[in-house]
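To start, the structure under review is shown below, and the notes come after it.
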Amino acid sequence: VGLHNHGFWRPKPLLDTARFTLYFNNWHRKNHQDSQALWKHEAVQKYLETLSKEYQQVSHQLTADSLNDFEQRILRRRCTDLSPIAAAFQEIKEAEREVQELEAMCTELDSRDEKQLLELALEEKKGLDKKMNMLCRKIFQLLVPKEKYDRSPVILEVTAGRTTGGDICQQFTKEMFEMYQNYADYKGWTFDIMNYTPAEIGGLHHAAAHISGENVYRHLKYEGGTHRVQRIPETGMSSRMQRIHTGTMSVIVLPQPEEIDVKVDPKDLRIDTFRARGAGGQHVNKTDSAVRIVHLPTGLTVECQQERSQQMNKEIALRTLRAKLCQQVIEKQLSQEQSARKLQLGTRAQSERIRTYNFTQDRVTDHRISYDARNIKEILSGKEALDKLINRLLEFAEIEAVTQYLENLQALEGGG
């Protein structure tokens with residue numbers, strides 16, 4: 001942060017960590033830190049001290065009578081940005097002092113063997129540690145800039161893998177789609193099914209849904225990728241032999257920002273109709289109600305057979321096409337080298353999986369953060385356990401963003 005020629009402070013971004021989402025899936029730090037450990041990093045302390053001092057100076061500058069309207073607007077905006085960070089910083093410092101005082105008291109009590117007082121002090125320290133973790137998480141959330149599309153609704157697609165264990169893949173894909181549907185209900189979001197292609201044996205080939213609500217993309221953006229399942233089939237030879245089968249399914253999460261309006265020229269579309277296929281229903285295979293749309297300039301293909309009406313299927317397919325074209329616009333805006341689909345899916349190889357659901361060990365492992373959760377049924381219910389896992393990913397992302405920023409800062413200072 002530097003002084004302007006006229007003596008007032010120029011605004012600067014708190015953290016320049018744009019596009020963090022794009023390479024999050026490729027980062028695998030061996031020594032993952034929690035928020036409180038990162039708070040103790042010398043560079044973090046120095047950086048927050050700088051922001052806190054800047055807040056005090058900006059606040060002082062705002063009292064000057066010589067400022068014009070333009071200068072006041074800039075300073076007020078910066079003051080608004082810095083105020084919650086400075087307040088959280090002071091809260092943490094105060095909590096840290098309380099912890100240090102308690103630790104000193106515990107040492108004295110321990111030496112005097114005053115067990116009852118020691119137990120009370122340790123209990124209070126436990127509460128302060130929890131408060132410290134909460135405050136550290138809060139300050140890193142304030143530091144990391146919000147993703148441009150975090151508040152956007154999304155289109156979420158699930159597709160059964162093409163690896164061995166086809167039945168396993170299709171059943172797992174159905175369970176995953178229902179998990180996200182339950183999660184949307186848990187978060188109070190709206191979940192509208194756009195396409196649903198069931199498998200003959202009760203599983204699911206492919207499905208897509210439009211999910212809207214508060215901060216939908218923020219919570220679902222790291223769900224995109226290959227998910228692996230390991231389980232013993234309930235029927236067939238493998239179930240009798242107790243053989244574990246491995247299968248995969250993929251998830252794609254596409255943000256749908258309202259500010260981007262994609263125009264689709266009807267001349268660029270090839271629209272085909274065909275008979276719906278699926279697990280039954282009176283209208284199946286009787287009318288050409290299903291619709292497939294090909295966007296000729298890009299080669300993008302979407303289809304919908306969810307509704308009985310051909311017109312409704314056409315509208316849903318067009319909506320999906322616009323979402324995918326919108327994603328291309330977003331990719332250009334963010335100057336991505338690779339598309340979000342490729343980043344989320346890779347080559348669909350099992351080695352690129354982001355998460356494993358091992359039913360025989362009742363364990364879910366997220367490979368990006370080396371995190372194990374027990375009770376698969378709780379995760380697949382799409383409620384508190386899944387929310388805890390997703391929040392763990394978000395915290396990891398925030399810490400990685402701050403860590404990466406500090407590493408870049410130190411490299412620049414070293415080079416300078």
| note | Packing-ranked peptide list from 221-233, 126-138, highest mean Cβ count within 10 angstrom first, is 221-233, 126-138
| Once fully extended, how much extra length lies between R77 and L120, figured as 0.36 nm per residue of separation less the alpha-carbon to alpha-carbon distance? | 11.0 nm
| request: Just subtract the alpha-carbon distance of K388 and A43 from 0.36 nm times their residue separation and send over the number in nm, one decimal. | output: 121.3 nm
| said: Going Cα to Cα from K314, which lysines come in below 21 Å? Please leave out same-chain ones fewer than 8 positions away. | reply: K263, K267, K286, K324
| query | In units of 2.2 N^0.38 Å, what is the alpha-carbon radius of gyration of the stretch 35-145? | reply | 1.44
| task | Let me know the number of lysine pairs in the stretch 41-157 closer than 23 Å at the Cα, not counting same-chain pairs under 8 apart. | result | 19
| task | For a label point 7 Å from the Cα of D150 along Cα→C-beta, name the residues of the stretch 380-395 whose backbone N is under 15 Å from it. | result | 391-395
| remark: For 45-57, 354-366, 392-404, ranked highest to lowest by mean beta-carbon neighbours within 10 Å, the order is 392-404, 354-366, 45-57
| query | Taking the mean number of other Cβ atoms within 10 Å as a proxy for protection, how do you rank 189-199, 115-125 from highest to lowest? | reply | 189-199, 115-125
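Every read-out reported here was derived from the displayed coordinates using simple, explicitly stated rules and does not represent laboratory data. What you see is a predicted model, and the numbers here were worked out from it, not measured in a lab. Note that we place each Cβ from the backbone using ideal geometry, even for glycine, and neighbour counts take in every protein chain shown.
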